[in-house]
């Protein structure tokens, strides 16, 4: 079997998406999805560079192809390139599973669990609206809930106001939902050390499942100082693009949950290695999955096959996003994703439906402080 073509499909629904289809001379094709939402044209350009390297390759040689794409340009790949590698790598595993007639998780070592816990996204303009949204999620069967650090209207985020609001939100949610529901707050790298420390210390009493990305991740050293001054479980890593970037926070045990995004960090081939590194330090995966149904399916196979996976992010339940473009999406029941039984990823990509989701450039929200200075979204 040889690779004959690599095609990129850009789409827009509730956000922008970048899907990649790898075709072979035996009529078996695989589907993958890239991360780095909002920069799909750059990822597509990277795949154009990769295409000549891929044509004629044996798709079963996933490790060899990963090394070729990651190292073949001399400069080690990061983010845009690893997102492109990720989409290709996922598609290659899909091809392998289809050719051998087994789900991808069987190729990754087989199932270590019968289902995968998931959490959704919640929000509201007020504390009351957030509580109502979360109550609705619990009624639907979700066992774990996530919401984000709020910013004020006009795209302004003032840390003092945001932290005080987050504390009130935790208090209100615990009163409304009790202690059984797992709660996770995503700070989204929007705070500095002092403000994140204040937030973490104040919400300790509400027992968060984790506080995510309390600091920016460019300098992992900063997590040392936060780690030693709070008992709140910490989660980070969604912006990392390889095992080398994860190395310090894993080896120094600076987080409790690794936010591995296999659509950014190089696909299933690399994510399995990162998971193994985490296992040696008793760090569990809380995988970062904020994009489409192809990614969601790939994450499910990873989570089913690694012993140290705690939870999978799931912004849309199967069938809620592009059901006519991505067919045979996995089952979700009572807060959990269930193992697919079909070969490969278990899904099919219906390219004929792509016209229903015309792509247009999208740009993320840009936040600022009250003084006009830029801050992270």
> In region 344-363, what residues are exposed (fewer than 12 other Cβ atoms within 10 Å of the Cβ) and either in contact (Cβ under 8 Å) with a residue 60 or more places away in the chain or at positive phi (or both)?
Replying inline: 358, 360, 361, 363
> Can you tell me which residue in region 8-54 is farthest from residue 261 (Cα to Cα), limited to those that are surrounded by fewer than 18 Cβ atoms within 10 Å (Cβ to Cβ) and in contact (Cβ under 8 Å) with a residue 60 or more places away in the chain?
Replying inline: 26
> Looking at region 129-175, which of its residues are over 24 Å from residue 191 (Cα atoms) and without any contact (Cβ under 8 Å) to a residue 40 or more places away in the chain?
Replying inline: 132, 133, 136, 137, 139, 140, 175
> When the residues of region 364-377 are filtered to those that are surrounded by 10 or more Cβ atoms within 10 Å (Cβ to Cβ) and either within 23 Å of the chain's Cα centre (by Cα) or in the same structural domain as residue 10 (by TED's automatic domain parsing) (or both), which remaining residue is nearest to residue 96 (Cα to Cα)?
Replying inline: 364
> Which one of 130, 81, 69 is in contact with a strand residue (DSSP E or B) (Cβ under 8 Å, 6 or more places away or on another chain) and surrounded by 15 or more Cβ atoms within 10 Å (Cβ to Cβ)?
Replying inline: 130
> Any idea which of 206, 257 is at pLDDT 95 or above, surrounded by fewer than 22 Cβ atoms within 10 Å (Cβ to Cβ) and within 30 Å of residue 128 (Cβ to Cβ)?
Replying inline: 206
>> Taking the criterion of being at pLDDT 95 or above and at positive phi, would at least one residue in region 65-84 satisfy it?
In response: no
>> Condition check: in contact with a strand residue (DSSP E or B) (Cβ under 8 Å, 6 or more places away or on another chain) and part of a helix (DSSP H, G or I). Does residue 89 satisfy that?
In response: yes
>> So, in region 28-75, how many residues would count as being more than 20 Å from the chain's Cα centre (by Cα), farther than 26 Å from residue 102 by Cβ and in a loop (DSSP other than H, G, I, E, B)?
In response: 5
> Restricting attention to region 139-166, which residues are surrounded by fewer than 18 Cβ atoms within 10 Å (Cβ to Cβ) and assigned to a helix (DSSP H, G or I)?
Replying inline: 139, 140, 160, 161, 164, 165
> Would region 13-31 turn up any residue that is more than 22 Å from residue 324 (Cβ to Cβ) and modelled with pLDDT under 95?
Replying inline: no
> Taking region 316-327 only, how many residues are buried (at least 17 other Cβ atoms within 10 Å of the Cβ) and assigned to a loop (DSSP other than H, G, I, E, B)?
Replying inline: 6
> Out of (1) in contact (Cβ under 8 Å) with a residue 60 or more places away in the chain; (2) under 17 Å from residue 105 (Cβ atoms), the odd one out for residue 265 is which?
Replying inline: (2)
>> Would you confirm, using the coordinates I've provided, whether residue 271 is crowded, with 24+ Cβ neighbours inside 10 Å, in contact (Cβ under 8 Å) with a residue 40 or more places away in the chain and touching a helix residue (DSSP H, G or I) at 6+ places or on another chain (Cβ under 8 Å)?
In response: no
> If residue 173 satisfies every condition in (1) surrounded by fewer than 17 Cβ atoms within 10 Å (Cβ to Cβ); (2) modelled with pLDDT of 95 or more; (3) more than 20 Å from residue 301 (Cα to Cα) but one, which is the exception?
Replying inline: (1)
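The values are calculated or read from the model by the stated rules, or taken from the named source; none is laboratory data. Predicted model only: the values in this text are computed from it and were never measured. Here Cβ is always computed from backbone atoms with ideal geometry, including for glycine, and neighbour counts include all displayed protein chains.
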